[in-house]
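The values are calculated or read from the model by the stated rules, or taken from the named source; none is laboratory data. Since the model is a prediction, treat every value here as computed from it, not as a measurement. Note that we place each Cβ from the backbone using ideal geometry, even for glycine, and neighbour counts take in every protein chain shown.
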Ligand SMILES: NC(=O)c1ccc[n+]([C@@H]2O[C@H](COP(=O)([O-])OP(=O)(O)OC[C@H]3O[C@@H](n4cnc5c(N)ncnc54)[C@H](OP(=O)(O)O)[C@@H]3O)[C@@H](O)[C@H]2O)c1
C-alpha cells in the first residue's frame, strides 16, 4: 500500500514512544483497523540511528508515528545533548528511514517553539522563537521531520489523557489535588490550548485519511484558557469546591522559560477537514470516561 494515499485501514503503522501518553492513544486509534507495531523505548531507542534504520526497514511501515520525546523541560536545561539527540537528531534518522521505507512520517512538536509574547493565537505562519533548550530541540525536530518526502508535523500542547506508568501530567495533578481537597497551585499567567490525546490521535488519523497535504499543523482542542480557568472547569465537572492557590510563573521560578501565551490557531487543521472539539467538552469526556476505558479510542461528539 502506498503511503499517503489517504487510507489508514489495513495499513501497517509503526508507533515509536508507544508507552507514553500520546503513544498509547495513537496505538488505540490506529489499532482499530490498521496493523500497529507499538515500539517502546526498550523495543527501539530512536537515538540509535542504525537500529532505527534496520527496524523500520524490517517492519516495512506505511506510516510512522513518532510519539517519543525527551519532555522534561526543566531537566533539559542541564542536559541539552540528550534533548537534542531525542527531539532533533533522532527525528532526522526517522525521516531518512521513512523515505527509505516509502512511509509517511508523523511527528509531534510543541507550543514551546514560540516565545509567548503574542496576544492572539499563533498560526503555523508565525515565527518561532524558542527560549529554552527543550524548545530549540523541538524546533530542530520539526525541521528534520519536514525533510521527509511525506511528513506531518503536529504541534500539540498541554496534553492530557491516561499517562504511562509512573507519569503524571499537569492536568492530572490538578485533578488529583481537587479530588483530595488539597490546595492546588495554578498558574494565573500562562494561557494554553489544552489537547486531549484521544482527540489528537483522532485528528492525526483524519488528517492522513483526508489526504491532506503534508506539512506543519497546529493540533489542539479548540479554545484557550489559563491553568486557573482550567482548574475551575475541572472542579465544576467534578462537582467539588477547589482550593486553588494562584501563582505566577515568576513566583514558581522554573528553570526553563515557558511561553506565557500559547494559544494555538487551528484553522489550518479545520480547513483540511479536521475540526477539533472545544477543550471543555474534551475535558468532560476525559473526566467522565470510565478509568478502565481511558486510553481506548473514543468516538468524538458530533
Ligand atoms: N505532554 C505534553 O504536554 C506535550 C506538549 C507539547 C508537545 N508534546 C510532544 O508530544 C509528544 C508525546 O508526548 P507525551 O506527553 O506522550 O510524552 P511521554 O508520555 O513522556 O512519552 C514519551 C515517550 O517517549 C519515550 N522515549 C523517550 N526517549 C526515547 C528514546 N530515546 N527512544 C524511544 N522512546 C523514547 C519515553 O519512554 P520512557 O518512559 O522510557 O522515557 C515515553 O514512553 C512528544 O514529542 C512531546 O514533545 C507533549
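Give 278, 273 a once-over and let me know the one that is surrounded by fewer than 20 Cβ atoms within 10 Å (Cβ to Cβ) and without any contact (Cβ under 8 Å) to a residue 60 or more places away in the chain.
Only one candidate qualifies: 278.
Looking only at residues in region 1-52 that are at pLDDT below 95 and touching a strand residue (DSSP E or B) at 6+ places or on another chain (Cβ under 6 Å), which one is surrounded by the fewest Cβ atoms within 10 Å (Cβ to Cβ)?
4
Could you check region 26-76 and list, in sequence order, the residues that are within 8 Å of the ligand (Cβ to nearest atom), touching a residue at least 40 places away in the same chain (Cβ under 8 Å) and over 30 Å from residue 253 (Cα atoms)?
Correct list: 46, 47, 66.
Does residue 149 satisfy the criteria of being more than 24 Å from residue 226 (Cα to Cα) and either more than 9 Å from the ligand (Cβ to nearest atom) or at pLDDT 95 or above (or both)?
yes
Looking at region 96-120 only, could you name the residues that are crowded, with 23+ Cβ neighbours inside 10 Å and more than 17 Å from the chain's Cα centre (by Cα)?
From region 96-120, those crowded, with 23+ Cβ neighbours inside 10 Å are 97-98, 103-114; that's our starting set.
Scanning region 96-120 gives 97, 98, 103, 104.
Being without any contact (Cβ under 8 Å) to a residue 24 or more places away in the chain and within 14 Å of the chain's Cα centre (by Cα) is the filter here, so list the residues in region 121-175 that pass it.
Of everything in region 121-175, nothing turns out to be without any contact (Cβ under 8 Å) to a residue 24 or more places away in the chain and within 14 Å of the chain's Cα centre (by Cα).
If I ask for residues that are crowded, with 21+ Cβ neighbours inside 10 Å and in contact with a strand residue (DSSP E or B) (Cβ under 9 Å, 6 or more places away or on another chain), which ones from region 53-70 would you list?
Scanning region 53-70 gives 56, 61, 62, 63, 64, 65, 66, 67, 68, 69.
Which one of these is at pLDDT 95 or above and farther than 15 Å from residue 153 by Cα: 106, 65, 91, 73?
Working: 106 fails: farther than 15 Å from residue 153 by Cα; 65 fails: farther than 15 Å from residue 153 by Cα; 91 fails: farther than 15 Å from residue 153 by Cα.
Of the residues listed, the single one that is at pLDDT 95 or above and farther than 15 Å from residue 153 by Cα is 73.
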